[in-house]
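Working notes for the structure below.
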Amino acid sequence: MEKNSNNISDKNLNNISGNTPGTCMENNKPAGIDPSLLADVYRIIDKKSSEIETYLENSDLPSFTTAVHTLKTTCRMIGENALSQRFFELEMIGKSANKAALDKEPENKHEIALESAKIKTPDVLTEFRGLKKKLEPYISKDKEASSLPYSSQEITSLLKGIQSACDDFDVTLAENASKKLLTYQCDKELYEKLIQLSNLVSDLDYEEAKELAENILGLI
């Protein structure tokens, strides 16, 4: 989706922690916060939270560490500095466990780190999921930026194009088609499904993307 270059209004900007009205984001100089960035963050919250929970359930601390590192940076980018710090603390727990494994230290150090991560992570993810309420207005702003009128024929063609691109593992074609779909004006239910499809394509989850595209074709 094409990025909207307009800055967020002072009123909305003040809803994001660490920012004050009339100023650009401290950690994203010199430009102001792009509303489409906030919309992108909104879209990943549930998925990334669930992934982290799965990593802990599977005692997969290397993947857990990578995931919380990414969210540490994401939160800092949108001015959520306190939450970024909490993800950093989780990252340090994961790194300590990974280092212990590499150095072949006693196995209980890994278990202690895993238990610590399991205790501290739920509260952090609750706070992270709580960002959805703050960021929800920017989903509407992002949607309003769509400029193409609804066309079932064009959307159908793009969905079938994504399915073919997934079969051929044509990353560029699949990505471009999924982004183009988000530029059409449509109802909230369809738009949310198109967002989900775009996320699957971006993550190279092509089998799931093809299934969802087929599901969407049935709704048009």
Is it the case that the range 144-158 has a residue that's in contact with a Cys (Cβ under 8 Å, 6 or more places away or on another chain), hydroxyl-bearing (S, T, Y) and surrounded by fewer than 16 Cβ atoms within 10 Å (Cβ to Cβ)? yes
Top-ranked residue of the range 64-92 - restricted to ones that are within 15 Å of the chain's Cα centre (by Cα) and open to solvent by 50 Å² or more (accessible area, probe 1.4 Å), ranked as nearest to N199 (Cα to Cα): T70
Residue check: is A165 among the aliphatic types (A, V, I, L, M), open to solvent by less than 70 Å² (accessible area, probe 1.4 Å), out of contact with any strand residue (DSSP E or B) (no Cβ under 8 Å at 6 or more places or on another chain) and more than 28 Å from L71 (Cβ to Cβ)? yes
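Within the range 107-119, track down each residue that is open to solvent by less than 80 Å² (accessible area, probe 1.4 Å) and at pLDDT below 85.
As a first pass, look at the range 107-119 and keep what is open to solvent by less than 80 Å² (accessible area, probe 1.4 Å): 110, 113-114, 116-117.
The one that is open to solvent by less than 80 Å² (accessible area, probe 1.4 Å) and at pLDDT below 85: H110.
Check K210, K179 and return the single one that is in contact with a helix residue (DSSP H, G or I) (Cβ under 6 Å, 6 or more places away or on another chain), open to solvent by 40 Å² or more (accessible area, probe 1.4 Å) and of a type in the set (D, E, K, R). Before the answer, list the steps.
Numbers: K179 fails: in contact with a helix residue (DSSP H, G or I) (Cβ under 6 Å, 6 or more places away or on another chain).
Matching residue, one of K210, K179: K210.
Answer yes or no as to whether L56 is out of contact with any strand residue (DSSP E or B) (no Cβ under 6 Å at 6 or more places or on another chain), closer than 14 Å to F88 by Cβ and part of a helix (DSSP H, G or I).
Values: out of contact with any strand residue (DSSP E or B) (no Cβ under 6 Å at 6 or more places or on another chain): yes; closer than 14 Å to F88 by Cβ: no; part of a helix (DSSP H, G or I): yes.
No: the conditions fail for L56.
Is it the case, given these coordinates, that T172 is free of Cβ contacts under 8 Å to residues at least 12 places away in the same chain and part of a helix (DSSP H, G or I)?
Spelling it out, T172 is indeed free of Cβ contacts under 8 Å to residues at least 12 places away in the same chain and part of a helix (DSSP H, G or I).
Quickly run through the range 167-220 and pick out the residues that are aromatic (F, W, Y) and under 18 Å from P149 (Cβ atoms).
Residues of the range 167-220 that are aromatic (F, W, Y), as a first pass: 169, 184, 191, 206.
Those that are aromatic (F, W, Y) and under 18 Å from P149 (Cβ atoms): Y184, Y191.
Could you run through the range 35-63 and say how many residues are in contact with a Ser or Thr (Cβ under 7 Å, 6 or more places away or on another chain), open to solvent by less than 40 Å² (accessible area, probe 1.4 Å) and over 20 Å from L194 (Cα atoms)?
Of all residues in the range 35-63, those in contact with a Ser or Thr (Cβ under 7 Å, 6 or more places away or on another chain) come to 41, 52, 55-56.
Now narrow it down to the ones that are open to solvent by less than 40 Å² (accessible area, probe 1.4 Å): 41, 52, 56.
Then drop every residue that is not over 20 Å from L194 (Cα atoms), which leaves 52, 56.
Result for the range 35-63: 2.
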Failed condition for K29, given (1) open to solvent by 60 Å² or more (accessible area, probe 1.4 Å); (2) at pLDDT 90 or above: (2)
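The values are calculated or read from the model by the stated rules, or taken from the named source; none is laboratory data. Predicted, not measured: the structure shown is a model, and the values here were computed from it. FYI the Cβ positions are ideal-geometry reconstructions off the backbone, even for glycines, and counts take in every protein chain you see. In case anyone asks, the SASA skips ligands and DNA or RNA and just uses the protein heavy atoms, side chains included. Shrake-Rupley method; radii C 1.70, N 1.55, O 1.52, S 1.80 Å.
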